Amino acid sequence: MTGPAISGYASFETVAQLDSSNLRKLLLSGDAQDRVWAAWALALRVGEQASGALRHAARASPAAGVRRHLIVALAGLGEREILRAFAAEDPSELVRATACQYVMRTRGDQDRETAEFLLNRLLSEPSATVRARILQEATTTVPPASKEQLVGLASDDSVEVRRLALVLIKRRYDPEEAFTCRLAERLRLEPEHELQAELAHFALEGGLLDLVLSAAVKAQPSVRLLLLDLLLERNEILTWPAAQALATLEEPAVDRTLLKLLGPEGLRDGFAWLARRMAACVRDKAEEPDWLFFQEALAVLPGLLPSLPASQLTADCRRDLGVLLVDLNEEIAELSEADREEWDDLYGGALEETLEFYETLVQMIGAALRRA
C-alpha cells in the first residue's frame, strides 16, 4: 500500500502494510492510536534507522499515552539519552515514570552515571508515581540510595512509596542494621496498618522484640493495640521486665492483652501489678472495659496462686488480695441467694459452676495469705 497516509486505521495489521514513507507521515499526523501503531511498525521494519523519526515523533506528540509507547519503542532501539531526557523533563508524570522504568531496564551493569541519574530522580522527583516506579524497578545496588535515604522514603507521603521503600530496605539490610536509624519511628507513626505490621514483622524476625515493645509504649493507643495483637499472632511470650512499661499505662485493653502475652512466669513476677489492678477494679466498681479485664484476670488466678512465692506477697500485695477476698465473699453470698431461673435467663446458666469457682478462689487466696 503506497497511497497517502490518513488517520483512522482499523488495526495494527493494516498500518503495518504501509510503506516506510507513509509510516513516517502517520507517525506525525495520525490520531493517537495510529501514531502508536506506526511507531511499532516502523521500528519492526527498519530497526535502528527508525530512531530519528521516533525521537522526533515523541517530542512532537501532544498525547502522553503516545509518548509512553514511543519511549518503549525507543528503549528497544537502545536510545538511552532520549529516555533520560523524558525521565527528567516530560510534563506528564506517567511519561516520566515510564521513561525512568526503561532507563533502569536498559542501563549497563557498570553504568555508574545512569545509577546516579536514577538516584537523583528518586530523591528530587515531585511525583509519587515516578518515585514508586523507580523503587519498583530497583535492584540491590541501583539506585545507589543510602540507608538513611531509603528510610526517608519509608516516611514518604505516599503509602505506595513507603511500601516499596520498605521492600527495598528489607532486600538490602538485615533488621538489626536497618533499625539503627529513624526506621524505628515508623513503628509508632505509620498510619497504614499493613505497613506497620510489615515493619513490626521485620523487626521481630531480627529478634528486636524490645524495639517493638518500646514503640508500643510510645505509640497512640490504637497503634499500641495493633502492635500487641501482632505479638499475640506470633505467639510471643513476654517476661515481666519486658512488659512492665506497658503495664504502668493501666489501659484496660492493654492489660487484657498482657494477660495473654505474659507466660506463667511473667504473671508470677508481675503478680503485684495484677493484684493491684484487680483491687482497683473492685474499689472503683469497674464497668467495661475494666470489668472485662477483671473477669479475665480472675480466670488466670488459679494457675498462679498455688505456686506464688511468699516473697511476692508484700504488704501491699496482701492488702490488695484482701480487697479481692472481701469482694469474692460478697459475690458468693449474693449468688447463694440468687434466683436460679432468673440467673439462667440473664447469664445462660452455670450458676453452680460460678459459685464453685469463686469458692475455690477464696480458698486459694486464703492459703496464699497464710503462707505470707
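For this structure, a couple of remarks:
- Matching residues in region 151-161 - criterion: being aliphatic (A, V, I, L, M) and assigned to a helix (DSSP H, G or I): 151, 153, 159, 161
- Of all residues in region 275-287, those that are without any contact (Cβ under 8 Å) to a residue 60 or more places away in the chain have Cβ atoms under 6 Å from Cβ atoms of residues that are among the small types (Gly, Ala, Ser) and in a helix (DSSP H, G or I), 6 or more apart or on another chain, in 278/297.
- Looking only at region 96-138, and only at residues there that are at pLDDT below 95 and not in a helix (DSSP H, G or I), the one that is nearest to residue 59 (Cα to Cα): 107
- Of the residues making up region 70-90, just one is under 21 Å from residue 129 (Cα atoms) and either outside any helix (DSSP H, G or I) or of a type in the set (S, T, N, Q) (or both), namely 90.
- When the residues of region 254-265 are filtered to those that are modelled with pLDDT under 95 and part of a helix (DSSP H, G or I), the one that is nearest to residue 232 (Cα to Cα) is 264.
- Scanning region 118-128 for residues that are over 11 Å from residue 144 (Cβ atoms) and either surrounded by 19 or more Cβ atoms within 10 Å (Cβ to Cβ) or more than 24 Å from the chain's Cα centre (by Cα) (or both) yields 121, 124, 125.
- Residues in region 71-95 that are among the small types (Gly, Ala, Ser) and at pLDDT 90 or above were compared, and the one that is nearest to residue 127 (Cα to Cα) is 92.
- Which numbered condition residue 148 fails, given (1) surrounded by 17 or more Cβ atoms within 10 Å (Cβ to Cβ); (2) touching a residue at least 24 places away in the same chain (Cβ under 8 Å): (1)
The values are calculated or read from the model by the stated rules, or taken from the named source; none is laboratory data. Since this is a predicted model, take the numbers as computed values, not measurements. FYI the Cβ positions are ideal-geometry reconstructions off the backbone, even for glycines, and counts take in every protein chain you see.
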